Amino acid sequence: MASLSPVSLSTSSSESSIVPSIYRKLSVLPTVAVRSFPSHTIKKSRTQIDYVAYVQHHDVNRPRSSIRSTSFNVEGTGSTTSLDEEVIIDTSGTEASIKLPLPLFETQSSSSGAPTDDSASLSIAVIGATGVLARKKIFPALFALYYSGQLPEKIGIFGYSRKKLTEEDLRAIIAPTLSCRIDHQENCEEKMDAFLKRIFYLYGGYDNREGMSKLNTLMEEVEGKFGANRIFYLSVPQEALIDVASSLAEKAQTQRGWNRVIIEKPFGLGSFSSHQLTTSLLSNFEEKQLYRIDHLLGRNTIENLAVLRFSNLVFMPLWNRSYIHNIQVTFSEELGMQTSARYPKGYGILGDVVHSHIFQTVALLAMEPPVTLDGEDVRYEKVKVLKSIRKLGSSDVILGHSEADSGSNFKDMENLMPTYFGAVLHFDNARWDGVPFLIKAGRGLKKNRVEIRIQFRRVPGNIYHKVGGGHMQDLVTNELILRDVPDEAILIRINNKIPGLGMNLEASELNLLYKDKYNVDVTDSYEQLLHDVIDGDNHLFMRSDEVEAAWNILSPVLSELDNNNATLEHYEFGSKGPDKAGNLWAKHGVKWLDD
């Protein structure tokens, strides 16, 4: 009886020759054979032999092979597909096995035979598929997009790593991390099963070029003969990044569609290594293919910055030095992270948070209006404003370090990395000249808070200073607060009269609390950014010149750290940070309002 094997490639030998079909001696396949694939069941209800060609080796004692073309009906589509079968026949003329190469996406035909954009499949390869990031973030985000209908129908997801696993092993690892949390739970289990069937796995070994060549072969088998677009997510250690990227550039890129490469932060471990990485990447890819991802930039608050600035007339004329006194950007986490363990040759929180997330937030806050919302137009304005920021001097920076909480065994007193960064940024441009941008980024602090606070100048001439019984009344300065954590919100702080007799004023907040206004599940930042990569929207991803400009701002601080001349102020775990940070804010006439 003929057996149906998994997808495989047919190969031919240079020692073979075609002989007449008088040697035809074939077993008959079963009249019904069914194979299930994602979204379709391909039922072989009738075998139609279009041609039979025997391949006979010069050695008559060796098995002969034949090629047979068979038509299939694809249920639910009204279309057909044809497959070439390699039939191996032993010396007695008995059929020994049948190989059925069945591409996952080859379920439709093109009248011209040429791939079109409409018929292009999408393949996403996760390099480093067994790592923590892939298991906890990347695969769940891909499933969330699949569940909500944001991935194309012809999607294949490929895991690649150095662990010897089977496809079923990888699927078993991924399955517990998946959750149908978007809006409702309809067909959750069915969707999970369909998603998992689209996941393939390849053991890459330790030769990246050979591994990428095998990955390309597997992807081509699944993609079939139609157009194919590919995304490669490089979830690999920094030290492996250059070799992995150059190997896939040489061996795994498709020639039948576009290729995009996602690179995880940090983007280098300082100016020099970042330059090396950028040079290597640009020698293998075009800039438009590169997507440097920072999950913190996928938050809705970041996406909303441009909307708030450029679609509301009430803010546009106020967004400059004439009306804004200072801008405060806070990234505060309670947890203690083993920063030097995570980035042993990096710069702690400077490489993890400040270089990308903080400076990108500042760029979106301070940039000029882009010509359009096209990613390149936005990135052009971001790099312009980053280049206008002065290099940080030691007098404008406070670095701190806190040990992890008492329950942690982590101690590395000889390799301390900053867990706190406080700084004042100064701009040399017409819009922001004289307006300090104050940055506080730290871990092991007393509260979780991620927010942007725009503090406006005081109202000139306080005419309310002696009303209400003759006592002095100080007006609070107006503020616009964009809060991400806790509880995403937009708040405006104003002065307001207390109802009743007399003229008594108080500070009040007008607030838009998202959880009260919008009854929707919050999209995970990885979902947002992966969706942007698929769409080719790169405005939240750093371009090479942005990466360089950001490192350039930090270069004096990094030099001090390299030469062991930087002072790391100790602060207690769970405190507000180093005490000296308050002096830095006071020097610029600013009180940090959440202290």
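Computed values, structure above
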| item | result |
| --- | --- |
| Residues satisfying the stated conditions in the range 539-589, i.e. over 17 Å from Ile349 (Cα atoms) and in contact with a Pro (Cβ under 7 Å, 6 or more places away or on another chain) | His588 |
| Out of Phe226, Phe232, sole residue that is out of contact with any His (no Cβ under 6 Å at 6 or more places or on another chain), part of a loop (DSSP other than H, G, I, E, B) and open to solvent by less than 30 Å² (accessible area, probe 1.4 Å) | Phe226 |
| Search result, residues across the range 490-509 that are modelled with pLDDT of 95 or more and either loosely packed, with under 15 Cβ neighbours inside 10 Å or under 24 Å from the mean Cα position of the chain (by Cα) (or both) | none |
| Condition met for Lys591 (without any contact (Cβ under 8 Å) to a residue 12 or more places away in the chain and touching a helix residue (DSSP H, G or I) at 6+ places or on another chain (Cβ under 8 Å)) | yes |
| Enumeration of residues in the range 119-135 that are within 13 Å of the chain's Cα centre (by Cα) and open to solvent by 20 Å² or more (accessible area, probe 1.4 Å) | Leu133 |
| Cβ pairs under 8 Å, 6+ apart, first in the range 123-147 and assigned to a helix (DSSP H, G or I), second of a type in the set (Asp, Glu) and open to solvent by less than 20 Å² (accessible area, probe 1.4 Å) | Ala141/Glu527; Ala144/Glu527; Leu145/Glu527 |
| Qualifying residues in the range 446-465 (those that are part of a strand (DSSP E or B) and not aliphatic (A, V, I, L, M)) - the one surrounded by the fewest Cβ atoms within 10 Å (Cβ to Cβ) | Phe456 |
| For Thr278: the one exception among (1) open to solvent by less than 20 Å² (accessible area, probe 1.4 Å); (2) at pLDDT 95 or above; (3) in a helix (DSSP H, G or I) | (1) |
| Meets criteria (over 22 Å from Leu122 (Cβ atoms) and either of a type in the set (Phe, Trp, Tyr) or part of a helix (DSSP H, G or I) (or both)) for Arg171 | no |
| Filter result (open to solvent by 30 Å² or more (accessible area, probe 1.4 Å) and farther than 23 Å from Gly298 by Cα) within the range 541-563 | Asn552, Ser555, Pro556, Ser559, Glu560, Leu561, Asp562, Asn563 |
| Matching option when the condition is within 30 Å of Ala306 (Cβ to Cβ), crowded, with 16+ Cβ neighbours inside 10 Å and either within 26 Å of the chain's Cα centre (by Cα) or of a type in the set (A, V, I, L, M, F, W, C) (or both), among Asp524, Asp487 | Asp524 |
| Filter pass, Pro418 being part of a loop (DSSP other than H, G, I, E, B), modelled with pLDDT of 95 or more and within 30 Å of the chain's Cα centre (by Cα) | no |
| Filter pass, Lys288 being open to solvent by 20 Å² or more (accessible area, probe 1.4 Å) and either among the aliphatic types (A, V, I, L, M) or modelled with pLDDT of 95 or more (or both) | yes |
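The values are calculated or read from the model by the stated rules, or taken from the named source; none is laboratory data. Being a predicted model, the structure only gives us computed values, none of them experimental. For neighbour counting, all protein chains shown are included, and Cβ atoms are generated from backbone atoms with ideal geometry for every residue, glycine included. Only protein heavy atoms, including side chains, enter the accessible area calculation; ligands, DNA and RNA are left aside. Shrake-Rupley method; radii C 1.70, N 1.55, O 1.52, S 1.80 Å.
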